[in-house]
Each structure stands twice: as structure tokens, then as C-alpha cells.
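What follows draws every value from the coordinates through simple rules; no lab data is involved. Because the structure is predicted, anything quoted here is derived from the model rather than measured. Glycine also receives a Cβ, built like all others from the backbone with ideal geometry; neighbour counts cover every protein chain displayed.
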């Protein structure tokens, strides 16, 4: 299981937010519709994997 504080003592969500902010500063903001489409694909993939198990 992931340690929510991570090895650096920062929370996983805080670190993820930092990574997103860095990426957006470098290449611009993400397209919200594209993000939701990718999330839907990941959820479907996870559901299929759970069904196969």
C-alpha cells in the first residue's frame, strides 16, 4: 500500500499537484475533456481486469 505521506514526507496528492503545476507551466493547461476521456478508459480497463480476476 502507498504511504500517503510518501518517502519525502509530502502527501501523494500534494506531490501530484506539484507535478501537474510544473507540467502546465511548461506545456500549458490540460484539456479537461481529454482528461475525462482518459479517466473513463482507465476505469473501464480496471473494471475488465476485476471481472477477469
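Annotations
- Residue 10-residue 22 pseudo-label distance in nm [points 7 Å out on the Cα-to-Cβ vector]: 0.7
- Here is the size of region 12-52 from its Cα atoms: Rg then Dmax, 13.6, 40 Å.
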